[in-house]
């Protein structure tokens, strides 16, 4: 925050505040049936980012629900740095997402970026990859 303020940088910082590290929590719950170090309940605290911005002299607004959305309109025309904290449901999973698989031997395998969760059947992924490869081999029209 201080460099943004000191430089009066025209930067808009958007924080999706879900009261935790959702991706870490999802991974822990998926593989270990509990989360450690990802939420206040597991010992990790998270600041009020709007107040943090104010502490550094950066203007900020907090969107706590849909009724607050109009508060964003004037922000988009501001000069200088600004922070928008958008409070989101801490239990809202995000998908598609990259998700490792646990193999039978207990090791993890991380798929390629085109094989995201929820997973397609291996045959479907292979067909999509073949189609993509065929598209790359097509001659391009010169402009």
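Here are the criteria: (1) in the same structural domain as residue 33 (by TED's automatic domain parsing); (2) in contact (Cβ under 8 Å) with a residue 60 or more places away in the chain. Tell me which single one residue 61 does not satisfy.
Residue 61 satisfies every listed condition except (2).
Identify, from the list 20, 37, the residue that is in contact (Cβ under 8 Å) with a residue 24 or more places away in the chain, in the same structural domain as residue 81 (by TED's automatic domain parsing) and either crowded, with 18+ Cβ neighbours inside 10 Å or more than 16 Å from residue 93 (Cβ to Cβ) (or both). Outline the logic, then answer.
On the way: 37 fails: in contact (Cβ under 8 Å) with a residue 24 or more places away in the chain.
The unique qualifying residue is 20.
Might you check whether a residue that is over 21 Å from residue 27 (Cβ atoms) and under 19 Å from the mean Cα position of the chain (by Cα) occurs anywhere in the stretch 116-131?
Looking only at the stretch 116-131, we keep the residues that are over 21 Å from residue 27 (Cβ atoms), and these are 121-131.
Keeping just the survivors that are under 19 Å from the mean Cα position of the chain (by Cα) gives none.
No; the residues of the stretch 116-131 include none that is over 21 Å from residue 27 (Cβ atoms) and under 19 Å from the mean Cα position of the chain (by Cα).
Filter the stretch 59-75 for residues that are over 19 Å from the mean Cα position of the chain (by Cα) and outside any helix (DSSP H, G or I); which is nearest to residue 7 (Cα to Cα)? Steps first, answer last, please.
First pass over the stretch 59-75, keeping only residues over 19 Å from the mean Cα position of the chain (by Cα): 59-61, 66-75.
Still in the list and also outside any helix (DSSP H, G or I): 59-61.
Values: 59: 14, 60: 17, 61: 20 Å.
If we take residues in the stretch 59-75 being over 19 Å from the mean Cα position of the chain (by Cα) and outside any helix (DSSP H, G or I), then 59 is nearest to residue 7 (Cα to Cα).
Being out of contact with any strand residue (DSSP E or B) (no Cβ under 9 Å at 6 or more places or on another chain) and under 30 Å from residue 14 (Cβ atoms): is that true of residue 79 here? Let's see the steps before the verdict.
Numbers: out of contact with any strand residue (DSSP E or B) (no Cβ under 9 Å at 6 or more places or on another chain): yes; under 30 Å from residue 14 (Cβ atoms): yes.
Spelling it out, residue 79 is indeed out of contact with any strand residue (DSSP E or B) (no Cβ under 9 Å at 6 or more places or on another chain) and under 30 Å from residue 14 (Cβ atoms).
A quick yes/no check of all residues on (1) in contact with a helix residue (DSSP H, G or I) (Cβ under 6 Å, 6 or more places away or on another chain); (2) outside the structural domain of residue 109 (by TED's automatic domain parsing); (3) under 30 Å from residue 101 (Cβ atoms); (4) not in a helix (DSSP H, G or I):
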{"site": "4", "(1), (2), (3), (4)": "no, yes, no, no"}
{"site": "15", "(1), (2), (3), (4)": "yes, yes, no, yes"}
{"site": "46", "(1), (2), (3), (4)": "no, yes, yes, yes"}
{"site": "53", "(1), (2), (3), (4)": "no, yes, no, no"}
{"site": "57", "(1), (2), (3), (4)": "yes, yes, no, yes"}
{"site": "77", "(1), (2), (3), (4)": "no, yes, no, yes"}
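Which residue out of 104, 112 is assigned to a loop (DSSP other than H, G, I, E, B) and in contact with a helix residue (DSSP H, G or I) (Cβ under 9 Å, 6 or more places away or on another chain)? Break it down stepwise before answering.
Values: 104 fails: in contact with a helix residue (DSSP H, G or I) (Cβ under 9 Å, 6 or more places away or on another chain).
Just a single option satisfies the conditions, and that option is 112.
Across the stretch 40-58, what is the number of residues that are under 19 Å from residue 92 (Cα atoms) and in contact (Cβ under 8 Å) with a residue 24 or more places away in the chain?
2
The values are calculated or read from the model by the stated rules, or taken from the named source; none is laboratory data. Please read these numbers as outputs of a predicted model, since none were measured by experiment. When we count neighbours, we look across all protein chains shown, and the Cβ atoms used for this are built from the backbone with ideal geometry, even at glycine.
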